[in-house]
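Engineer: Okay, here's the structure, questions in a sec.
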Amino acid sequence: MGFLSIDRDLARDSYYAATARRGPGFPSLQGAVDCDVAVVGGGLAGLSAALELAQRGRRVVLLEAKQVGWGASGRNGGQAIHGLACDQETIEAQLGIEDARRVWAMSLEALDLLRERMAAHGIDCDWCEGYLGLATTAAKARALAGWADRMERVYGARFTRIGAAEVGQWIASPRYHGGIHDAGSGHLHPLKYSLGLADAAARAGAMLHENSAVVSFLQDSGTSVRLRTEHGEVRATQALLAGNVYLQGMAPQLESRIMPVGTYIVCSEPMDAALCDSLIPSRSAVCDTNFVLDYFRPTRDHRMLYGGRVSYSTMTPRHLAESMQRRMVGTFPQLAGLGISHAWGGFVDITMNRAPDFGRLGRNVYYLQGFSGHGLALTGLAGKLVAEAMTGDASRFDVFARLEHHAFPGGRWLRTPALVLGMAWYRLRDLLG
């Protein structure tokens, strides 16, 4: 079974798809059309760029192979969190402390932008404030406290510290030994947000086309771009590739720098509202600090949405719902009798250093990829930054574009086995504490 077939199967039992109302959708591309910017990919990065560019008066055509929000943008854990997937020290090592501070500040701007767009475009997507980062051992709790101290000292970050004696006030679980709370982060229903952003982009004048997979991509001497679909063609002055793991041969030099990693989520049956509130009284999103982490949050309709397993081989774990339910009950024994209503997953685009990968192919083709499982907020800002660059101000985009990225070792055939072996070491390290 190929990667895309696996992904299609993983999308079938999504809680998000079951609880979001799709409208009539957008038509597939028919015939030839000229525009200023062609956007490939109808996820949050592509939709954000299309909205920003249309608001700046550009003629925008967006091509989505399936439906907007179909991939990671509409299936993720729903957590919008400060920072990047990589540590700030990774950014400091490449860009220096001042640009690292700019990157951190932009990650906070991404959260503000999320709220602004929800308000400006009337997007009701179950937004809830708050994020808890929790440690599963005393040693990891000390490391998390040290990280928070450094982030406050170097970046001016503000977190509420949670000591071992206070953990029970924040979460009704025996697993955790300490943590932090960030009131500026939060969580939402990602598919509802994606659909709202698509409607906003269309109202701003962008032409969105679903079921319009790009079958050929030609860059003509850095002055124009031609993209063909099964039934149409787009001729553009500029293009944005925002397809992440779904580019499928359009840009091999980019694909070698990201790895599709499977991640999996279950959603419980509804529970009593009082029980739901007692588990996480602040109703915050939660992540632990393990390398292979668990992440979870309550939903608006009093369910527990719980994610955690990953697959570096692209193969779906056996008995997914049952194994994920055991993880959930390991964290919350109170939910031992609660059934699972939905189990799904998808693929995120991991880079070697887990830093985002933004840049250009020639002068007029831009790309956004490598959000590494931490993109719900950052994708929105990335769309704004690339729109700024395409319309004449690349200063902020180029901060990210200066980050160096490398292909995964092993080439096309061996890079997945090499990654599986490497990640086995990190899983062992988590188990050993």
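The values are calculated or read from the model by the stated rules, or taken from the named source; none is laboratory data. What you see is a predicted model, and the numbers here were worked out from it, not measured in a lab. Backbone-built Cβ (ideal geometry, glycine too); neighbour counts: all protein chains shown. Areas reflect the complete protein model, heavy atoms only, side chains present, ligands, DNA and RNA absent. Shrake-Rupley method; radii C 1.70, N 1.55, O 1.52, S 1.80 Å.
Engineer: How high is the relative contact order of the chain, in percent, counting Cα pairs under 8 Å that sit 6 or more residues apart?
Structural biologist: Relative contact order, the chain: 25 percent.
Engineer: Continuing with the same structure: Just how much of GLU322 is accessible, in Å², when a 1.4 Å probe is used and the result is rounded to the nearest 10?
Structural biologist: GLU322 exposes around 100 Å² with every protein chain in place.
Engineer: Still on this structure: With Kirkwood radius over Cα pairs in Å defined as stated, name the option among (i) 22.0; (ii) 23.3; (iii) 27.6 computed from the structure displayed.
Structural biologist: Read-out taken from this structure: (i).
Engineer: Sticking with this one: Determine the per residue accessible area of the chain with all protein chains present and a 1.4 angstrom probe, expressed in square angstrom.
Structural biologist: Computed with neighbouring chains in place, this is 40 Å² per residue.
Engineer: Relative to the longest principal axis of the chain, what angle (0 to 90°, nearest 10) does the C-alpha long axis of helix 320-331 take?
Structural biologist: In the chain, helix 320-331 runs at an angle near 50 degrees to the longest axis.
Engineer: Here's a follow-up. If you line up the long axis of helix 138-155 against the longest principal axis of the chain, both from Cα atoms, how many degrees apart are they, to the nearest 10?
Structural biologist: Taking the Cα atoms of the chain, the angle to 138-155 is about 50 degrees.
Engineer: What residue among ARG283, ARG326, ARG303 has the largest mean-square fluctuation in a Gaussian network model of the chain, using Cα springs under 10 Å?
Structural biologist: Of the options given, ARG326 has the highest mean-square fluctuation.
Engineer: Going 7 Å from the Cα of SER28 toward and past its Cβ, which residues in region 208-245 have a backbone nitrogen under 17 Å from where you end up?
Structural biologist: Within reach of a label on SER28, which here means backbone N under 17 Å from a point 7 Å along Cα→Cβ, region 208-245 contributes 208-216, 228-234.
Engineer: Which length gain, in nm to one decimal place, applies between GLU152 and ALA164 when the Cα-Cα distance is subtracted from 0.36 nm times their residue separation?
Structural biologist: On the way: separation 12, 0.36 × 12 = 4.32 nm, distance 2.04 nm.
Between GLU152 and ALA164, full extension yields 2.3 nm more.
Engineer: How large is ³J(HN,Hα) for each residue in region 89-100, as worked out from phi by the Karplus curve 6.51 cos²θ - 1.76 cosθ + 1.60 (θ = phi - 60°), to whole Hz, x for Gly and Pro?
Structural biologist: 4, 5, 5, 4, 4, 8, 10, x, 5, 5, 6, 4
Engineer: In addition: Classify region 35-125 as rounded, prolate or oblate from the Cα gyration tensor: take a ≥ b ≥ c as the square roots of its eigenvalues, call it rounded if a/c is under 1.5, otherwise prolate when a/b beats b/c and oblate if not.
Structural biologist: It is prolate, given that a/c is not under 1.5 and a/b is the larger ratio.
Engineer: At R0 = 30 Å, how high is the FRET efficiency between ASP112 and ARG354 if r is their beta carbon distance? Nearest 0.05 is fine.
Structural biologist: Rounded to the nearest 0.05, the efficiency is 0.80.
Engineer: Let me ask another. Can you list the residues, at least 5 places off or on another chain, whose amide H is less than 5 Å from the amide H of GLY359, using H built in the peptide plane?
Structural biologist: It is TYR367, by chain and number.
Engineer: Cross-link candidates for LYS192: which lysines have Cα within less than 17 Å, leaving aside residues fewer than 8 places away along the same chain?
Structural biologist: Those lysines meeting the cut-off are LYS66.
Engineer: Quick one: which residues, 5 or more positions from ASP34 or on another chain, have an amide H under 5 Å from its amide H? H modelled 1.01 Å from N in the peptide plane, none for Pro or chain starts.
Structural biologist: ARG235
Engineer: In deg cm²/dmol, rounded to 500, what helix-only [θ] at 222 nm does the chain give when every DSSP H run of at least 4 residues adds -39500 (n - 2.57) and the total is split over its residues?
Structural biologist: Theoretical 222 nm ellipticity from helices: -11000 deg cm²/dmol.
Engineer: Out of all DSSP beta bridges with both ends in the chain, state the antiparallel percent to the nearest 5.
Structural biologist: Given both bridge residues lie in the chain, the antiparallel proportion sits at roughly 70 percent.
Engineer: Under a crude label model (7 Å from the Cα following the beta-carbon direction), how far is VAL215 from ASP87 in nanometres?
Structural biologist: Label at VAL215, label at ASP87, 4.9 nm between them.
Engineer: Could you tell me the calculated FRET efficiency between THR237 and GLU404, based on Cβ-Cβ distance and R0 = 25 angstrom, to the nearest 0.05?
Structural biologist: Rounded to the nearest 0.05, the efficiency is 0.30.
Engineer: Let a ≥ b ≥ c be the square roots of the eigenvalues of the Cα gyration tensor of region 132-185; is it rounded (a/c under 1.5), or, if not, prolate (a/b larger than b/c) or oblate?
Structural biologist: Because a/c hits 1.5 or more and a/b fails to exceed b/c, region 132-185 counts as oblate.
Engineer: Then there is this: How large is the accessible surface of LYS384 in square angstrom, using a 1.4 angstrom probe and rounding to the nearest 10?
Structural biologist: Rounded to the nearest 10, that gives 50 Å².
Engineer: Follow-up. May I ask which residue of LEU29, LEU44, GLY133 lies farthest towards the positive end of the charge dipole of region 4-149, with charges of +1 (Lys, Arg) and -1 (Asp, Glu) on Cβ and the Cα centre as origin?
Structural biologist: Farthest towards the positive end: LEU29.
Engineer: Now for a separate question. Under the Karplus relation 6.51 cos²θ - 1.76 cosθ + 1.60, θ = phi - 60°, what is the ordered set of whole-Hz ³J(HN,Hα) values for region 368-373, x standing for Gly and Pro?
Structural biologist: 9, 7, x, 6, 6, x
Engineer: At a 1.4 Å probe radius, carbon and sulfur cover how many percent of the accessible area of region 159-211?
Structural biologist: 53
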